[in-house]
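Have a look at the structure below, then the notes.
The values are calculated or read from the model by the stated rules, or taken from the named source; none is laboratory data. On a predicted model such as this, the values are computed, not experimentally measured, just so you know. So basically every Cβ, Gly included, is an ideal-geometry build from the backbone, and we count neighbours across all protein chains shown.
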């Protein structure tokens, strides 16, 4: 594929994906606080623990085959059908294992009262995996506009249904219904827009070539899953469901900016990087540019949330959750620290560096789980979140070193380029906290604190961005100008 075609395809699909996630972000920004006011920390904790088990088994059931299908663009329809039936068979097996092992798994997770939820939520596994093949066909075509519309519709309807059920007193079942509604709507929609109809064609030899890629990817996905989900398991087992619920609610909200940007960008970048083949210069330039842009967007949002976490928790979640404001702030801080790493996973996947991805993910998973377990054992939930921040700071350095080695990007130059906007955002956040402290006697209303802090942060970051990122701004404007003129744009060097 020519470079101009690649850049145009990437920017178009990222635009569609970000538009979709922005729409659902607006709705979640409203519905998550509403659900938190209507439900209890124990409700959030129970569903979060059950969902962790479901997601893990769904990942095992998928075995990375659909991701391999994206890379294997020359595969025929027999391969597609075989992957579909293999996925569905594994999904049903995982669902049965969860259904009959719910009691033991619930005890293992430290939430024996979640056994009933686990049995019902086992049905989510085939619902989720059944749509993966259809999504892979969309990804092959780099046709993310349809997926963007489907995601917006399914998430919006599901969130509104959850709020309605919570309002009428359905408690924890409101969150369960949200998960089922979103999965079902998206499943039906994917098959409708792709036009794919599975045929009973099982030819195991067709998926043998996919296994080398999928098996390597599977190990890294398990490790990444442990990294992101082990805090919930450790907190539930060692600190109880109430703390697990506080962590879950705060994490849901703190993860919204990541969900908007990363889920959109990562889904597009994975197939995009795979199209670049052995063109190392082009890959390195695309990596640095995409990393800078995502950091510019995400870092100020996450550091800004850290800066206003105390009044923000009261405004968003209400008085019953006010005690958990340090958890919200530290979660936002932990996510802010690793914003420069946002594009590393799709880059390593797309360029076929499964071994680097695997070992980076394994080391991060071990460090995250151990640090949070030790902190929770000797301290409390806040101590665990501090430990997470420390691990993520180490992850930033280690992950950057491993990834930059792949295409011979000088480590210090690459780290400075990718992290510059993160440092700028941190300076902005310190300024906001100083402002709120100095004017604390005048800003007596939490709503006023949030508004004033947000305004000051926006002004500070805008000024700092213009001072530190003029080169990046010129690159982006040049790409836009070339695109409008119909020229053949190339990704400018980082």
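One line per residue, one yes/no per condition, for (1) touching a strand residue (DSSP E or B) at 6+ places or on another chain (Cβ under 7 Å); (2) modelled with pLDDT of 80 or more; (3) assigned by TED's automatic domain parsing to the domain that holds residue 418; (4) surrounded by 12 or more Cβ atoms within 10 Å (Cβ to Cβ):
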{"residue": "434", "(1), (2), (3), (4)": "no, yes, yes, yes"}
{"residue": "446", "(1), (2), (3), (4)": "no, yes, yes, yes"}
{"residue": "452", "(1), (2), (3), (4)": "no, yes, yes, yes"}
{"residue": "457", "(1), (2), (3), (4)": "no, yes, yes, yes"}
{"residue": "465", "(1), (2), (3), (4)": "no, yes, yes, yes"}
{"residue": "473", "(1), (2), (3), (4)": "no, yes, yes, yes"}
{"residue": "476", "(1), (2), (3), (4)": "no, no, yes, yes"}
{"residue": "481", "(1), (2), (3), (4)": "no, no, yes, no"}
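Exactly one condition in (1) modelled with pLDDT under 80; (2) in a helix (DSSP H, G or I) is false for residue 277; which is it?
(2)
Does at least one position in segment 154-170 carry a residue that is part of a helix (DSSP H, G or I), modelled with pLDDT under 85, under 23 Å from residue 273 (Cα atoms) and touching a helix residue (DSSP H, G or I) at 6+ places or on another chain (Cβ under 8 Å)?
No: zero hits.
What's the number of the only condition in (1) within 18 Å of the chain's Cα centre (by Cα); (2) modelled with pLDDT of 85 or more; (3) surrounded by fewer than 24 Cβ atoms within 10 Å (Cβ to Cβ) that residue 310 fails to meet?
Every listed condition holds for residue 310 apart from (1).
Tell me, please, whether a residue that is out of contact with any strand residue (DSSP E or B) (no Cβ under 6 Å at 6 or more places or on another chain) and not in a helix (DSSP H, G or I) can be found in segment 359-377. Steps first, answer last, please.
Start the filter on segment 359-377 by keeping residues that are out of contact with any strand residue (DSSP E or B) (no Cβ under 6 Å at 6 or more places or on another chain), which leaves 359-377.
Now drop any that are not not in a helix (DSSP H, G or I), which leaves none.
The answer is no; no qualifying residue exists.
Hey, among the residues in segment 347-365 that are within 17 Å of residue 394 (Cα to Cα) and at pLDDT 80 or above, which one's surrounded by the fewest Cβ atoms within 10 Å (Cβ to Cβ)?
Among residues in segment 347-365 that are within 17 Å of residue 394 (Cα to Cα) and at pLDDT 80 or above, the one surrounded by the fewest Cβ atoms within 10 Å (Cβ to Cβ) is 359.
Given the conditions (1) within 21 Å of the chain's Cα centre (by Cα); (2) free of Cβ contacts under 8 Å to residues at least 24 places away in the same chain; (3) under 23 Å from residue 297 (Cα atoms), which single one is not true for residue 387?
(3)
Considering only residues of segment 96-105 that are touching a residue at least 40 places away in the same chain (Cβ under 8 Å) and either touching a strand residue (DSSP E or B) at 6+ places or on another chain (Cβ under 6 Å) or closer than 21 Å to residue 175 by Cα (or both), which is surrounded by the most Cβ atoms within 10 Å (Cβ to Cβ)?
Restricting attention to segment 96-105, the residues satisfying the condition of being touching a residue at least 40 places away in the same chain (Cβ under 8 Å) are 97-98, 105.
Keeping just the survivors that are either touching a strand residue (DSSP E or B) at 6+ places or on another chain (Cβ under 6 Å) or closer than 21 Å to residue 175 by Cα (or both) gives 98, 105.
On the way: 98: 23, 105: 20.
The selected residue is 98.
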